[in-house]
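Participant: Just dropping this structure here.
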Amino acid sequence: MKINFESLPWPLRQAFVLGLGVRNRIVRYRGEFHRTLDFVEYSEDWYPERQREWQHKRLLQLAESAREGCRHYREAFEHIDFLEMKNASLYDSLAMLPLLGKAALKEDLDAFLNQSIRRYSESSTSGSTGMPTRVEHDLASIQRRFAFQADHIRHAGGAGILEPSVRLSGRLVAPPGRKVAKPWVYNAAEQQLFVSSYHLDDDHAWAICRRVEHLQPRVIDGYPSAILQLVRLLSRSPKTLSSLKAIVTTAETLQGEVKDELQLKTKAPVLDYYSASEGLPLVQQCRAGVYHVRWQSGILEVLTPDGVSDEGDGEIVATSFVQDRTPLIRYRTGDLVSGLKQQELATCTCGLTTPTVEGVVGRVEDLIYTPDGRALGMFTYRTLKYVDGLRESQVIQREYDRFQLRAVLVPGFDEATVSQAVKNSFERVLGYNIRLDTEIVEILPKGPNGKVSLVMSHVARKREKPITVTYGKSSTAVCEGDDG
Ligand SMILES: [Zn+2]
């Protein structure tokens, strides 16, 4: 019989989390953790040319070790001339390597495992649709990943990774839908309080406020939708947040209005980052609001309507320098970014000179379909960013011409005006008239993985012919239905 973690008695859950925390504390913050932090600091002021030279070398190493160690890459790289790669520029040598789709990784993980690198653990991503993606990790790669996290928190708010923090994710730490005395578990080894994002309501507000006040967290970290709910609860007793140095968000698209409210209520900077438990390169937002691609952790390209490019809008194609056990080389992540740029010499006000992106704006599967066979990506990003009065929103496509908008409004805006503005904006992008039902809510409903999806379509996807995906202003691309 399978027993769910959240239905165990609280002391048992607590003991389990502490045990895990002690083990993590021992293994995560040593060896490669320190080497990576040292290298990141040492290479911080390298010029782009030197960065690319280093990445090029690292790419060749990675490709060679993957070809030696993994069945998949042995076949995929069989005819690749590594000498030619070495003599080409970084992006030309990347272009010699094939793209890797999620479907291939899901079908046969074993083929991607580097047999000469020892397995330490396994993780799977909480995909919003379909099968989760599993990967295996080695210890050095885990330490490297935590080094980049530590670097982000330090950059973000000057806090250390082991200082007290509150974490909110989709993880079930207490039984949802039940009133409980302690909707959290505490990992004393890493000073992390895991608060259940399913209990952020009036019934539990008092208990959560007291517990957080006792912890005096320096950092709150997790899904922006859940952090917003927590911060609204905590701001009833303002002392609880006086120790806070930064809010770190990830995993959902951070909406501008949400960020503003969080900063206003806590007076702490809100810094988003993008990565994934597969072990992808990190994209970290600095205090100036710029998303920096941490080039020491890997290379980002985008799959645009005109093919793969090192600049522009589209699906992230990632080559990871963080992951050794399951090498990810030119991996199609399914996540969409806007405005990838290779920064040349202009340094950001935060002091970093790196490639940048304007933002991570959704998932490839967050598509809206039209009767003439188009599939529109980045739909809410493109249609809602100019509509005033929306604090948070979720769009559901019921039929080609019938949409539902769930919205949290900014006080002072009325439903009719906002709804009309959204309808106009949708129709302009779609090119035909629609019906829009607007539902005003206090909180957007979470999906089964605890995340809030910005776009859902219930219109059947036509599989007979390749789907035409439109991302940005530019024309169209043909993209085989990768199930993402
Ligand atoms: Zn910056």
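Participant: Hey, what D do you get for the stretch 33-155 in µm²/s if you plug the Kirkwood alpha-carbon radius into Stokes-Einstein at 20 °C and 1.002 mPa s?
Facilitator: 129 µm²/s
Participant: Something else now. For the stretch 434-444, what does the Karplus curve 6.51 cos²θ - 1.76 cosθ + 1.60, with θ = phi - 60°, yield as ³J(HN,Hα) per residue in whole Hz, taken in order and with x for Gly and Pro?
Facilitator: Coupling constants for the stretch 434-444: 10, 9, 10, 9, 10, 10, 8, 10, 7, 9, 6 Hz.
Participant: Let me ask another. Quick check: residue separation of Lys57 and Arg287 times 0.36 nm, minus the Cα distance between them. What number comes out in nm?
Facilitator: 79.7 nm
Participant: Shifting gears a bit: Show me the chymotrypsin sites (Phe, Trp or Tyr not before Pro) within the stretch 300-409 that DSSP assigns to loop and that have at most 15 other Cβ atoms within 10 Å of their Cβ.
Facilitator: Filter output for the stretch 300-409: Tyr386.
Participant: How large is ³J(HN,Hα) for each residue in the stretch 336-342, as worked out from phi by the Karplus curve 6.51 cos²θ - 1.76 cosθ + 1.60 (θ = phi - 60°), to whole Hz, x for Gly and Pro?
Facilitator: Once θ is set to phi - 60°, the couplings for the stretch 336-342 become 9, 10, 10, x, 5, 9, 8 Hz.
Participant: So which trypsin sites (Lys or Arg not before Pro) in the stretch 1-93 are both in a DSSP loop and have at most 14 other Cβ atoms within 10 Å of their Cβ?
Facilitator: Lys2, Arg30
Participant: Could you tell me the calculated FRET efficiency between Leu18 and Arg119, based on Cβ-Cβ distance and R0 = 22 angstrom, to the nearest 0.05?
Facilitator: After rounding, the FRET efficiency stands at 0.30.
Participant: Provide the net charge surrounding Gly289, with neighbours chosen by a C-beta distance below 12 Å and charges set as Lys +1, Arg +1, Asp -1, Glu -1.
Facilitator: -1
Participant: Can I ask one more? How long are the three semi-axes of the equivalent ellipsoid for the chain, computed from the Cα gyration tensor as the root of 5 times each eigenvalue, in whole Å, largest first?
Facilitator: 34, 31, 22
Participant: Taking amide H positions as placed 1.01 Å from N in the peptide plane, with prolines and chain starts having none, which residues 5 or more places from Asp335, or on another chain, fall under 5 Å of its amide H?
Facilitator: Excluding prolines and chain starts, which carry no amide H, the hits are Ile316, Val364.
Participant: Something else about it: Kindly provide the helix-only [θ] at 222 nm of the chain, computed as the sum of -39,500 (n - 2.57) over DSSP H runs of four or more divided by all residues, to the nearest 500 deg cm²/dmol?
Facilitator: Calculated mean residue ellipticity at 222 nm is -10000 deg cm²/dmol.
Participant: Is the C-alpha gyration tensor of the stretch 58-130 telling us rounded, prolate or oblate? Criteria: a/c under 1.5 is rounded; beyond that, a/b larger than b/c is prolate, otherwise oblate.
Facilitator: Here the stretch 58-130 falls in the prolate category.
Participant: Evaluate the charge dipole of the chain about its Cα centre and quote only its size in Debye, nearest 20, assuming +1 on the Cβ of each Lys and Arg and -1 on the Cβ of each Asp and Glu.
Facilitator: Using Cβ point charges on Lys, Arg, Asp and Glu, the chain gives about 1680 debye.
Participant: Please compare each pair in Lys102/Lys446; Lys239/Lys267; Lys245/Lys265; Lys57/Lys102; Lys182/Lys239 to a cut-off of 22 Å on the Cα-Cα distance and tell me which ones are over it.
Facilitator: Lys102/Lys446; Lys57/Lys102
Participant: A follow-up question, please. Can you give me the orientation-averaged projected area of the convex hull built on the Cα atoms of the stretch 207-316, in nm²?
Facilitator: For the Cα atoms of the stretch 207-316, the hull's average projected area reads 8.1 nm².
Participant: Indicate the gyration tensor shape class of the stretch 160-271 (rounded, prolate or oblate), computed on the Cα atoms with a ≥ b ≥ c the square roots of the eigenvalues: a/c under 1.5 is rounded; otherwise a/b larger than b/c is prolate and the rest oblate.
Facilitator: Because its axes are fairly even, with a/c under 1.5, the stretch 160-271 counts as rounded.
Participant: Let me ask something else. Which percent, to the nearest 5, of DSSP beta bridges fully inside the chain are antiparallel?
Facilitator: 65 percent
Participant: Turning to a different aspect of this structure: Note down the net charge around Ala156, summing +1 for each Lys or Arg and -1 for each Asp or Glu among other residues with Cβ under 9 Å from its Cβ.
Facilitator: +3
Participant: With label points built 7 Å along Cα→Cβ from the Cα atoms of Arg25 and Val429, find their separation and express it in nm.
Facilitator: Between Arg25 and Val429, the simple spin-label model gives 4.7 nm.
Participant: Scan the stretch 1-104 for GluC sites (Glu not before Pro) in coil per DSSP, keeping those whose Cβ has at most 14 other Cβ atoms within 10 Å, and list them by number.
Facilitator: Glu44, Glu78
Values in this text are rule-based calculations from the coordinates and carry no lab data. No experiment lies behind these values; they were computed from the predicted model shown. We place every Cβ from the backbone using ideal geometry, glycine too, and count neighbours over all the protein chains shown.
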